[in-house]
Amino acid sequence: MREMDTELTQSKFKAQAGQAGFPTVRPRRLRRSPALRRMVRETGLTSDDLIYPFFVTYGEDVAQPIASMPGIHQFSVDRLAAEVKKVAALGVPAVILFGIPDEKDPIGLENFNPEGIIPRAIRTIKTAVPEMVVITDVCLCEYTDHGHCGVLNTGDGERPHPHLEEGHVLNDETLPILGQVAVAHAQAGADIVAPSGMMDGMVTAIRKALDKQGYNQIPIMSYAVKYASSYYGPFRDAAEGAPKFGDRRSHQMDPANVREALREAALDVAEGADFLMVKPALAYLDVIRQVHDAFPELPMVAYNVSGEYAMVKAAAGQGWLDEQGVVLETLLGMKRAGADLIITYHALDAARWLNEGD
């Protein structure tokens, strides 16, 4: 019933309408009751579709609220087991981890330290809830002292590329580091690695690094289409990864471009990506649809980002809208646009509401 034939042309409809001016097909007949509406619903949303983000930090018994994201916290590793058990109890099958290091440096050494914050978090989660799918963000921005997504054309001595301006993010020099990060996460037990830095060739570099170490079974969830968006503001507070200067427009996508999104996705597919992602989601539903239609063979992931979350929370906190209704409608819209999975800070509330609805 969910994949109904939508090819009712205007001529077919007129043929069924009769001569009296009243159509014999009346869609409202199928809306009379909740049971009828469920039977003919074209798009479904369940807790299985959701991925919940965690921000992991050092310390003991830390649950630090994030002011710009009400209800979201930075958690220390020792708090993760209890928190992930709550996620599992609600039927949410996966989490994605973002780490906050103790120290930062130009290349983010902690990012690929086997005893770093994310490997420790992975092991804790897998011990507490083995069936939980653990996805890890693979990028440099949270771990570098400059806050950018790759190695910079700067530092001691001569610049590696004297023809480029100082502070330029170097693509090819960043790729081996991303490979090391992915391997460190896989060794710790990650189920999926998710490169988010929008470096050209990142999927190939990570795939080769994983395969070389025997992790050919680890899928890559590529942030294939990541826009240079103003919706990321609260995330940068949560992950403590804002750039110290400049912006990320040299590697993240221009919000005006869609054809470029299809090129980016095609490159990642050719390089061996197992999932494709569009980020953000709400202002880019048309992009989700086009990428999904171009590559229907791969699972499509939408990232319902921090700014989208914060706007709803702020309005709901003022009593200006029905939070439950708006959240579920928004997530359903992302599914309708073509998303198979949604990374969202609303995941726990949404799962609770969906379960109560059942």
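The values are calculated or read from the model by the stated rules, or taken from the named source; none is laboratory data. Everything quoted here is computed from the prediction, not taken from an experiment. Cβ: placed from backbone, ideal geometry, glycine included. Neighbour counts: every protein chain shown. Just so you know, the surface numbers come from the protein's heavy atoms only, side chains and all, with ligands and any DNA or RNA stripped out. Shrake-Rupley method; radii C 1.70, N 1.55, O 1.52, S 1.80 Å.
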- Note on the structure: With every protein chain kept in place and a 1.4 Å probe, region 246-358 has an accessible area per residue in Å² of 44 Å²
- Query: SER230 versus ALA67, label points 7 Å from Cα toward the beta carbon: distance in nm?
  - Reply: 2.1 nm
- Task: Give me the distance in nm between label points sitting 7 Å out from Cα along the Cα-to-Cβ direction at ASP322 and GLU297, one decimal.
- Result: 4.3 nm
- Task: Would you work out what percent of the accessible area of region 291-358, with all protein chains in place, is carbon or sulfur (probe 1.4 Å)?
- Result: 51 percent
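Beta carbons within 10 angstrom, averaged per residue: use that to sort the peptides 71-84, 116-129, 173-186, 34-47, highest first. List each step's numbers first, then the result.
Values: 71-84: 18.4, 116-129: 20.9, 173-186: 23.1, 34-47: 12.4.
Packing order, densest peptide first, comes out as 173-186, 116-129, 71-84, 34-47.
Residues with beta-carbon under 13 Å from that of ILE122, excluding ILE122: net charge, scoring Lys, Arg +1 and Asp, Glu -1?
Every neighbour counted, the sum reads 0.
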- Taking the simple approach of a point 7 Å from Cα along Cα-to-Cβ for both ASP172 and TYR58, what is their distance in nm? 3.5 nm
- Full-extension gain in nm, TRP353 to ARG263, via 0.36 nm per residue minus C-alpha separation: 28.6 nm
- Note on the structure: Too long for a 26 Å Cα-Cα cut-off, among LYS212/LYS279; LYS104/LYS226; LYS279/LYS335; LYS86/LYS313; LYS85/LYS313, are LYS212/LYS279
